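Heads up: the structure comes next, in structure tokens.
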Amino acid sequence: MARMKFYCDVERCIECNGCVTACKNENEVPWGVNRRRVVTIKDGEPGERSLSVACMHCSDAPCAAVCPVDCFYTTDDGVVLHDKDICIGCGYCFYACPFGAPQFPEDGAFASRGKMDKCTFCAGGPEQDNSAEEQRKYGSNRLAEGKLPLCAEMCATKALLAGDANIISTIYRTRVVNRGASVLSRGVSYQNAELRAARGVKGKSSLND
Amino acid sequence: MIGELIDGPLWYIASGTFLLGVVWRLFSILRVGVAQDFAPPKGNGPAGAVRTVFSRFLPRHPVVTRGRLQLIAGYMFHLGLFALLFFARPHVDFIAERITGTEWAVLPHWGFIIASEIAFAGLIMLWLHRLLHPVTRLLSSADDYIGTVLVFLVMLTGCLALAQSFEPLRLLHLFLAELLLIYFPFSNLMHAFTFIISRGYTGATMARKGVNA
Amino acid sequence: MTGFFSPPPLKGILSLLLVMLLLPAFPSFGATADLEQSVQPIQIPNPASDLWREVRQRDAAMTGSTQALGVDGGVLINPTGEKWRQFRMQQLLPYGGYALGAVVLILLLFYTLRGRVPIKAGMSDKKLFRYSVYERMIHWFMALIFLFLAFSGLILLFGRSLLLPLMGPALFSLLASASKEGHNLFGPLFALALVLIFFRFVRRNIYQKGDLTWLLRGGGVIGKKHVPSNFFNMGEKSLFWLLVFVGGAIAASGFFLLFPVFGQGRVVMELSHVVHGIGALLMLSVIIGHIYIGTIGMEGAIEGMKSGYCDLNWAREHHDWWAEKCEQRGEVLDRDQPISARGADALGTPSGQMSEEAGK
């Protein structure tokens with residue numbers, strides 16, 4: 001089976017927050033919950049980079065390990081999902097997750113943590129695929145429709161990649177080969193065109209024009 | 001099946017019993033009436049009644065010093081419970097849906113927390129006092145314990161159901177609340193209504209006699 | 001067959017090499033014609049590797065900026081989460097379980113070997129006033145809340161491994177949710193009980209001369225000789241201070257976990273959970289011992305907390321300095337003597353406290 005992964009290409013992300021907006025809109029995420037967020041490092045300094053981050057759908061997911069009611073499960077596609085009927089909103093997954101993916105709506109009478117909400121890789125939840133119930137609790141199930149997560153589909157610069165890990169890594173590998181390890185370490189990408197042409201590497205090359 | 005019973009018929013039976021029971025109890029008390037006092041009045045009876053109903057909210061000095069703990073715990077419990085009962089969001093939603101049809105202002109979440117903590121602390125303290133103090137222990141009857149335990153269980157299940165996402169927990173809370181409603185008119189819990197009558201009666205007779213009570 | 005063993009195309013090797021050499025600062029493409037001119041000592045820092053070092057927080061905690069409102073939004077990777085997971089799953093759960101089991105086992109063993117500690121002189125027909133109504137109230141208030149918190153906490157800690165397989169996910173989730181909400185609501189009451197207990201009992205729990213001897217002889221368990229003590233013995237005083245400090249730490253860390261709305265980050269909550277877990281299990285182990293002595297472990301021990309009066313012979317055998325003082329002042333009562341006014345007063349003060357204050 002496929003193993004679904006996200007990858008955010010830092011050389012391409014322009015911090016437009018289009019992925020965040022797409023996610024919120026597609027999944028009708030409640031207020032105060034951001035399944036995906038864009039973090040900018042060294043904002044306004046040399047070497048500024050932005051990364052779009054959400055649940056990374058870990059192979060050995062810390063959230064699933066620490067959950068006191070064992071509400072997490074991994075689908076055949078390698079997507080980590082959880083059952084909101086079982087979740088008690090204790091917040092342990094939030095402590096364990098390195099990426100800050102689990103989010104809690106402040107609801108219930110005490111504004112204590114409500115049911116946990118996180119990125120589902122647009123794969124819904126344990127309910128019947130694309131049922132109204134699933135839509136209400138977990139948002140859209142695009143995977144069942146044969147589509148990929150909307151955040152990645154909407155990404156204007158194709159920085160955010162989502163899909164089978166093998167395909168994602170192939171795409172990324174090609175990009176890296178084309179531009180060199182990093183635009184910053186190698187200067188601007190087209191300056192390396194000569195280098196690429198000399199090695200017969202495919203890509204934009206001023207020499208070939 | 002049981003859930004439907006608790007949510008439907010039993011709720012109507014319980015609230016009906018509560019309403020009719022309270023009306024019947026109040027009616028039977030008021031029907032007894034007051035013995036005719038032929039002495040010339042030395043003061044205004046009705047005014048005394050109204051005054052005493054409110055003045056007794058503040059206990060007299062010896063009561064304050066001797067029963068400081070019951071006073072504090074008593075106010076904590078009653079005020080907390082009142083706030084929880086009528087101004088907690090789930091209760092307002094429930095009452096609005098089933099009875100009044102309109103909502104009113106609800107407590108913010110921190111207000112809810114404080115009210116329930118206060119109510120629990122007060123109730124447990126009063127309960128322990130009843131059990132541990134030799135005099136109140138002798139004075140207490142089964143009725144007092146049943147009332148206390150029922151109120152405590154209703155509050156406890158309410159707090160266990162706070163996540164508002166598990167139907168059985170809500171039904172358990174509702175079921176115990178219904179038991180409480182049925183039990184209410186036939187027990188000491190009627191003091192929630194009769195305290196006005198007893199204070200008013202005392203105030204009126206005393207004021208008529210010209211006694212500052 | 002030859003095709004199978006033939007070397008893979010050069011391009012393939014090249015791209016493989018490139019990916020492998022992504023992370024270190026590597027200014028050269030390697031194995032090609034311009035190898036000689038590009039192999040030079042690395043001078044320029046590689047911002048790409050710096051970036052990932054920062055994202056992984058290798059050197060120091062750093063945060064980026066983000067449009068997402070919320071605490072810790074700018075933290076891309078929080079490395080302490082994994083440490084917390086290791087602590088909870090590999091230390092707290094197994095060792096906590098062993099500790100509780102060991103305490104119960106030790107007590108069972110002690111009970112079978114030594115049996116119940118009797119009142120050697122037998123129950124007398126005299127009694128001493130020991131705890132006022134108020135003192136008994138706050139003790140049982142604390143006891144009720146502690147037990148509720150202990151059970152609900154244990155369900156959340158050990159439930160997944162012990163109860164979930166038995167009950168199934170739907171029923172266990174219901175129980176766990178109830179436990180969580182109840183635990184959250186009763187937590188602040190524990191803090192209240194702690195404050196009340198502290199102010200009421202602190203004066204009688206200050207360590208004094210003779211406590212060290214009591215400790216060295218294990219409260220009379222080691223050796224045959226009797227160890228004297230005052231209103232509270234060394235063990236009870238230690239329980240009190242443990243309750244104040246460890247219980248205080250449990251309550252304080254609980255507040256950080258209970259109200260995730262004051263802007264505390266994940267690291268604070270993870271640390272709070274560590275403190276909360278260790279403290280609670282320690283306190284629970286000690287309290288199991290306390291309950292043991294109060295119920296089946298010792299004859300006459302619970303009388304004072306039940307009725308407010310303790311047996312004179314029990315007092316002589318376990319709190320002899322206090323019993324002596326009471327006898328000197330003639331405060332010994334007959335067993336069937338009616339309730340004294342002082343005992344009935346909710347805020348009455350037992351004589352032990354008076355005598356100790358006078359003694360200081």
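Can you work out the FRET efficiency for the pair B:I2 and C:I206, with r the C-beta to C-beta distance and R0 = 45 Å, to the nearest 0.05?
0.20
In whole Hz, with x marking every Gly and Pro, tabulate ³J(HN,Hα) for the stretch C:104-112 from phi via Karplus 6.51 cos²θ - 1.76 cosθ + 1.60, θ = phi - 60°.
4, 5, 4, 5, 4, 4, 4, 5, 6
What list do you get for A:S59, B:S198, A:S140 if you sort them by fewest beta carbons within 10 Å?
Ordered from fewest to most neighbouring Cβ atoms within 10 Å, A:S59, B:S198, A:S140 come out as A:S59, B:S198, A:S140.
Given the DSSP H assignment, sum -39500 (n - 2.57) over each helix run of at least 4 residues in chain B and divide by its residue total; what's the result at 222 nm in deg cm²/dmol, nearest 500?
Roughly -24000 deg cm²/dmol at 222 nm, from the helical runs in chain B.
Quick one: if you stick a label point 7 Å off each Cα along the C-beta vector at C:A99 and A:D129, how many nm between them?
Going by the 7 Å Cα→Cβ label model, 4.8 nm.
Using a Förster distance of 22 angstrom, determine the FRET efficiency expected from the C-beta separation of B:L138 and C:D336, and round it to 0.05.
Calculated value: 0.85.
For C:S124, C:S179, what's the fewest-to-most ordering of other Cβ within 10 Å of each Cβ?
Least to most surrounded, the residues fall as C:S124, C:S179.
For the stretch A:1-103, run through the chymotrypsin sites (Phe, Trp or Tyr not before Pro) and keep only the ones in DSSP coil with at most 10 other Cβ atoms within 10 Å of their Cβ.
In loop regions of the stretch A:1-103 (DSSP not H, G, I, E or B), the sparsely surrounded chymotrypsin sites (Phe, Trp or Tyr not before Pro) are A:W31.
Once phi is turned into θ = phi - 60°, what whole-Hz ³J(HN,Hα) does the Karplus curve with 6.51, -1.76 and 1.60 give for every residue of the stretch B:46-59, x standing for Gly and Pro?
x, 5, x, 4, 4, 4, 5, 3, 8, 5, 6, 5, 9, x
If you take each beta carbon of peptide C:158-170 and count the beta carbons of other chains within 10 angstrom, what is the mean?
Counting other chains' Cβ atoms within 10 Å and averaging over C:158-170 gives 2.
Whole-Hz ³J(HN,Hα) for each residue in the stretch C:233-242, computed from phi via Karplus 6.51 cos²θ - 1.76 cosθ + 1.60 with θ = phi - 60°, x for glycine and proline: what do you get?
3J(HN,Hα) across the stretch C:233-242, in whole Hz: 8, 3, x, 5, 5, 5, 4, 4, 5, 4.
How high is the relative contact order of the stretch B:39-130, in percent, with contacts defined as C-alpha pairs under 8 Å that are six or more residues apart?
35
For each of C:R266, A:R136, count neighbouring Cβ atoms within 10 Å of the residue's Cβ, then give the residues from fewest to most.
A:R136, C:R266
Modelling each spin label as a point 7 Å along the Cα-to-Cβ direction, I'd like the C:F110/B:I146 distance in nm, to one decimal.
If labels sit at C:F110 and B:I146, their model points lie 4.3 nm apart.
Tell me, what is the percent relative contact order of the stretch B:2-203, built from C-alpha pairs under 8 Å that lie six or more residues apart?
36
If you keep only loop residues by DSSP, which chymotrypsin sites (Phe, Trp or Tyr not before Pro) in the stretch C:237-313 have at most 11 other Cβ atoms within 10 Å of their Cβ?
Filter output for the stretch C:237-313: C:F262.
Taking 51 Å as R0, compute the FRET efficiency from the Cβ-Cβ separation of C:I296 and A:K158 and round it to 0.05.
My answer for the efficiency is 0.10.
Quick note: the coordinates plus some simple rules give every number you see, no bench work behind them. Quick caveat, the model's predicted, so the values are computed rather than measured. Note that each Cβ is placed from the backbone with ideal geometry, even for glycine, and that neighbours are counted across all protein chains shown.
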